[in-house]
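Participant: For reference, the structure I am asking about is given below.
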Amino acid sequence: MRIYSWLMAALPAFVASSALAQTEEVQSGPIPDWAELTEAAPVPDDAAGIAFVRRSDLFVHLDEDGQYTFQGLHLRLLQPQALEAGNLNFTWNPAAGAPTIHMLRIHREGEVIDVLADNSFEVVRQEAQLEQAILHGRLTASLRVPDLRVGDELEWAATIPSHDPTLMDDSFGIMFLGASPAQGRYRLGLSWNDGQQPTIRLSDDLADNEQRSLSSLTLAFENPELLSPPRDAPPRYNWQRVIEYSDFAAWPDVSRRFDRIYAGASDLASDSPVRQEADRIARTNATGLERAQAALELVQQQVRYIYVGLDGGNFTPATAEETWQRRYGDCKGKSVLLLALLRVLEIDAEIVLVSNSGRDDGLDTRLPNPGMFDHVLVRAQIDGNTYWLDSTLPAVIRASDLPFLPYRWVLPLSANGNELERIPHDVLTLPNVMGMVEIDARAGFDQPARQVQTYVQRGVDGLNEYLRYSVMPPNQLTAAFRNALIGQSTWDTIEDVRYRYDEATRASILTITGTGPVDWDETGQTYRLSLPGGGFSPPPRRQRPSGNGHDAPYYNAPGYSCHVTTVRIPEATDIENWRFNSTFDTMMYGRTFYRMMERRNDGTIRMVRGSRTETNEISSTHAERDNGRLDNFDNSMAWIYYSPNRNRQLPENDTHVPATYEIDWTGPDIPCLPADVLNPD
């Protein structure tokens, strides 16, 4: 059933995708023996909020056929917003079996109304994410409870098969109570038949709340307190009020089990057309890396991405032969096809499970659970070097020594079983955000300046830009930006717009050239200008309320920005009459803040401003020390000043700032930061 954010967040193990099955209807039946209902709590006179939870039961049961999830809910609706609880929806995998509705009724002034006496669930196969190339095959049952009123009590209960068709004899999953549940009574439970007991682990905050028997575990909560994870802590600190369970004893067991699934899918017949493609690649490419890259490009370009969850495909990949014949596949099918090609090319390669959703921080402390992964990559060993290949990305993302996304933990598959493998979090070597601005004001203060603005994005944002801009012809791209920007404060005319994606540095690069006004501040004969991209907002103070995980480290998301501005001063002025404000080079909270400016005799003033995360986590002691330094943080904008009657002698500066046009600021070697990064300790 739908679980409302203002009530409780509780999930079964893993929502498996599905296939067509014999039963596509909602069944009715009694509550199973393993799901005894909790006694409903009395509604207090001072009940507040949207709804009061008289009873919320969530139980998972494991038997020889798989696992089943029971949810029962009894609510007093206190506010009009609570009427949304009558919009009941639940989704299931028909390959795992049929759901059973046990009751649906309204309690009103001593009367009990059986909603199902005159109403029934509508079942639809709703591929709601077709526009995202997703075919999941799940069924959805919906019912809008009629005549529901504020003050009513809504009660329902249902059981849904929640095992994955691929791994029916291996149970695994998590259950949790949300951080901010509504006032009321809650119970979470896990039970099992003889021989089906999994390994169970509770988060530390549940250690004193469990009740165990030989065949069950139950946790009860009465008006559970609100939880707040430590503010600004690493993601693993959000792991609160969680029950984990798994039949897998260790991560190598998961690795072995999935390797068997993928190994068979990558086998090729002797006359397979996939072998013919591999032979063609071998004939036209000389080195192992060239062949691996050609195989990757083939799968990236000739096999479109469509997630296929049909026929138990959430964990089971389509075969390499089937994916090539279809010319579409998801990360599993495309990776299996790539693996098959590499093996024919005699390149050592393996499948690696990863998490694109960022759930892998602290994964090494979790029970082995395949549901913690949501993506598949291929990793190859070529000439003693390691290369990561993602067949679902556009072909501009080539084989690389690092994955495209910053994973923390990955699981390589092998017949012997592998442990989780940690991927080191190194600092970024190139900025993920850049802006380069050249302002040619030589015509004078009162004239429009020719401007060249270049913007660089790397990572996911850069790839999204590539997908958006690379399909547009140059004249269409220029026309689009001309229509969008002319008339704004920056642009009078746009002469040219150019776009390219640099594969070597994985950079999306957009350059706009034109003319526009310069926002000079004028006072008499003096002028000043704030350079774009020149200032920093102060970093936030790192401080937590008492008791809110005071000793937990503080998290810094990886990031690296660089902004470069060059101003060609009006020709009627003397460079000696120009000056600029402060430069700085400091580190606070594990992040470098750097600004350097330079005045040149060629009639230019140059600025570079860079900032980079140097460490992803800092201690609370480190944070307290920097809190004491925060008042001295220089958050000034980068100003340049002109005074015609005053010569400005600037201090000697050994650091030179290249102009925007003197070096390739989009290349791999750029002076965005000081040569020596400060020690974070």
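Participant: If only Cα atoms are counted, what is the Rg of region 355-469, and what is its Dmax, in Å?
Facilitator: My reading of the Cα-based Rg and Dmax gives 20.7, 74 Å.
Participant: Report Arg144's accessible area, 1.4 Å probe, all protein chains in place, as a number in Å² to the nearest 10.
Facilitator: Result for Arg144: roughly 130 Å² accessible.
Participant: Residues with amide H under 5 Å of Met588's amide H, sequence separation 5 or more or different chain, H placed in the peptide plane at 1.01 Å from N; which?
Facilitator: Under 5 Å from the amide H of Met588: Phe593.
Participant: Would you work out the relative contact order for the chain, in percent, from Cα pairs under 8 angstrom that are 6 or more residues apart?
Facilitator: Once normalised by length, the contact order is 10 percent.
Participant: As an exercise, identify the trypsin sites (Lys or Arg not before Pro) in region 171-270 lying in DSSP coil whose Cβ has no more than 16 other Cβ atoms within 10 Å. Can you show the working numbers first?
Facilitator: Details: sites: Arg185, Arg187, Arg201, Arg212, Arg231, Arg236, Arg241, Arg256, Arg257, Arg260; in loops: Arg231, Arg241.
Answer in residue order: Arg231.
Participant: Of Leu477, Pro394, Leu339, which is farthest on the positive side of the dipole of the chain, counting Cα position, with +1 on Lys and Arg Cβ, -1 on Asp and Glu Cβ, and the Cα centre as origin?
Facilitator: Leu477
Participant: Let me ask something additional. With all protein chains present, how much of the accessible area of the chain (probe radius 1.4 Å) comes from carbon and sulfur, to the nearest whole percent?
Facilitator: Accessible surface attributable to carbon and sulfur in the chain totals 46 percent.
Participant: Based on DSSP H runs of at least 4 residues, each adding -39500 (n - 2.57), what is the mean residue ellipticity at 222 nm of the chain after dividing by all its residues, to the nearest 500 deg cm²/dmol?
Facilitator: -4500 deg cm²/dmol
Participant: Using +1 at the Cβ of each Lys and Arg and -1 at the Cβ of each Asp and Glu in the chain, identify which of Pro668, Ala265, Val115 lies farthest towards the dipole's positive end.
Facilitator: It is Pro668.
Participant: Can you give me the distance in nm between label points at Glu290 and Ser414, each placed 7 Å from the Cα along the Cα-to-Cβ direction?
Facilitator: My value for the distance between the label points is 3.1 nm.
Participant: Then there's this: Based on C-alpha coordinates, I'd like the Rg and Dmax of region 457-569, in Å.
Facilitator: Rg and Dmax of region 457-569, Cα atoms, are 20.3, 59 Å.
Participant: So which cysteines of the chain have no other cysteine's Cβ under 4.7 Å from theirs?
Facilitator: Isolated Cys, the chain: Cys331.
Participant: Output the 0 to 90 degree angle, nearest 10, between the alpha-carbon long axis of helix 251-265 and the longest principal axis computed from the alpha carbons of the chain.
Facilitator: Once rounded, the angle reads 90 degrees.
Participant: Taking the 0 to 90 degree range and rounding to the nearest ten, how far is the long axis of helix 474-485 tilted relative to the main principal axis of the chain, both from C-alpha atoms?
Facilitator: Roughly 90 degrees, rounded to the nearest 10.
Participant: Right, something else. In debye, nearest 20, what is the charge dipole magnitude of region 238-379 about its Cα centre with +1 on Lys and Arg Cβ and -1 on Asp and Glu Cβ, if you could check? Mind dumping the intermediate values first?
Facilitator: On the way: 17 positive and 21 negative charges, 51 e Å.
Dipole of region 238-379, to the nearest 20 debye: 240 debye.
Participant: Related question: Show Val124, Val303 ordered by accessible area, largest first, where the area counts protein heavy atoms only and the probe is 1.4 Å.
Facilitator: Order by accessible area, largest first: Val124, Val303.
Participant: Estimate the FRET efficiency between Thr511 and Thr621 by the formula 1/(1 + (r/R0)^6), using the beta-carbon distance for r and 35 Å for R0, to the nearest 0.05.
Facilitator: It comes to 0.20.
Participant: Using 0.36 nm times the number of residues separating Ala572 and Ser489, minus their current alpha carbon distance, what extension gain do you get?
Facilitator: Working: separation 83, 0.36 × 83 = 29.88 nm, distance 2.48 nm.
In short, 27.4 nm is gained.
Participant: So, taking all protein chains as they sit and a 1.4 Å probe, how much accessible area belongs to Asp521, in Å² rounded to tens?
Facilitator: 60 Å²
Participant: From Cα pairs below 8 angstrom and at least 6 apart in sequence, can you work out the relative contact order of region 591-662, rounded to a whole percent?
Facilitator: Details: 45 pairs, mean separation 24.6, N = 72.
It rounds to 34 percent for region 591-662.
Participant: Still on this structure, I have one more. Ranked by accessible surface with a 1.4 Å probe, highest first, in what order do Ser28, Ser180, Ser530 come?
Facilitator: Order by accessible area, largest first: Ser28, Ser180, Ser530.
Participant: Right, something else. Name the residue from Ser620, Ile605, Phe633 whose Cα lies farthest towards the positive end of the charge dipole of region 591-638, charges +1 on Cβ of Lys and Arg and -1 on Cβ of Asp and Glu.
Facilitator: The Cα lying farthest towards the positive end belongs to Ile605.
Participant: With angles folded into 0 to 90 degrees, how steeply does helix 459-469 sit against the dominant principal axis of the chain? Use alpha carbons for both and round to 10.
Facilitator: The answer is roughly 80 degrees.
Participant: Report the calculated FRET efficiency for Met472 and Ala250 (r = Cβ-Cβ distance, R0 = 60 Å), to the nearest 0.05.
Facilitator: According to the calculation, E is roughly 0.75.
Participant: Could you do me a favour and compute the accessible area per residue for the chain, 1.4 Å probe, result in Å²?
Facilitator: On the way: 30970 Å² over 681 residues.
Per residue, the chain has 45 Å² of solvent-accessible surface.
Participant: Suppose every Lys and Arg Cβ carries +1 and every Asp and Glu Cβ carries -1, with no other charges. What dipole size does the chain come out with about its Cα centre, to the nearest 20 debye?
Facilitator: 1460 debye
Participant: Let me ask something additional. As a test of reading the structure, rank Asp401, Asp170 by solvent-accessible area (1.4 Å probe, protein chains only), most first.
Facilitator: Result of the area sort, largest leading: Asp401, Asp170.
Participant: Can you tell me the relative contact order of region 549-614? Whole percent, Cα pairs under 8 Å, sequence separation 6 or more. Intermediate results must be reported in sequence, preceding the final value.
Facilitator: Numbers: 104 pairs, mean separation 27.1, N = 66.
For region 549-614, the relative contact order is 41 percent.
Participant: Quick one: which residues, 5+ away or cross-chain, put their amide H under 5 Å from the amide H of Asn556? H built at 1.01 Å from N.
Facilitator: Counting only residues 5 or more places away or on other chains, the set is Glu617, Ile618.
Participant: Skipping prolines and chain starts, which residues have an amide H placed within reach, meaning under 5 Å, of the one on Ala318, given they are 5 or more residues away or on another chain?
Facilitator: Those lying under 5 Å, H to H, from Ala318 are Gly333.
Participant: OK, next. Relative to a virtual label point 7 Å from the Cα of Asp267 in the Cα→beta-carbon direction, which members of region 398-441 show backbone nitrogen distances below 16 Å?
Facilitator: What the label zone holds, given the 16 Å backbone N cut-off, is 415.
Participant: Projected area of the chain, taken from the Cα convex hull and averaged over every viewing direction, in nm²?
Facilitator: It is 37.9 nm².
Participant: If you take the Cα atoms of region 173-320, find Rg, then find the Kirkwood Rh from the mean of 1/r over all pairs, what is Rg/Rh?
Facilitator: Working: Rg = 24.0 Å, Rh = 20.5 Å.
Rg/Rh: 1.17.
Participant: With every protein chain in place, what's the accessible area of Asp669 (1.4 Å probe, Å², nearest 10)?
Facilitator: 130 Å²
Participant: Here is a follow-up. How much length would be gained if the chain were fully extended between Ile200 and Ser546, taking 0.36 nm per residue of separation minus their Cα-Cα distance, in nm to one decimal?
Facilitator: My answer for the length gained is 121.4 nm.
Participant: Tell me, what is the FRET efficiency for Ala395 and Asn238 to the nearest 0.05, using R0 = 45 angstrom and their Cβ-Cβ distance as r?
Facilitator: Working: r = 36 Å, r/R0 = 0.80.
Computed FRET efficiency for Ala395 and Asn238 comes out at 0.80.
Participant: I need the phi-derived Karplus couplings for region 581-595: 6.51 cos²θ - 1.76 cosθ + 1.60, θ = phi - 60°, integer Hz, Gly and Pro marked x.
Facilitator: Each residue of region 581-595 in turn: 8, 5, 10, 7, 8, 8, 10, 9, 6, x, 10, 7, 10, 9, 9 Hz.
The values are calculated or read from the model by the stated rules, or taken from the named source; none is laboratory data. Everything numeric in this text was worked out from a predicted model, so none of it was measured. As a convention, Cβ positions derive from the backbone with ideal geometry for all residues, glycine included, and neighbour counts pool all protein chains shown. Protein only, heavy atoms only, side chains kept; ligands, DNA and RNA dropped before computing areas. Shrake-Rupley method; radii C 1.70, N 1.55, O 1.52, S 1.80 Å.
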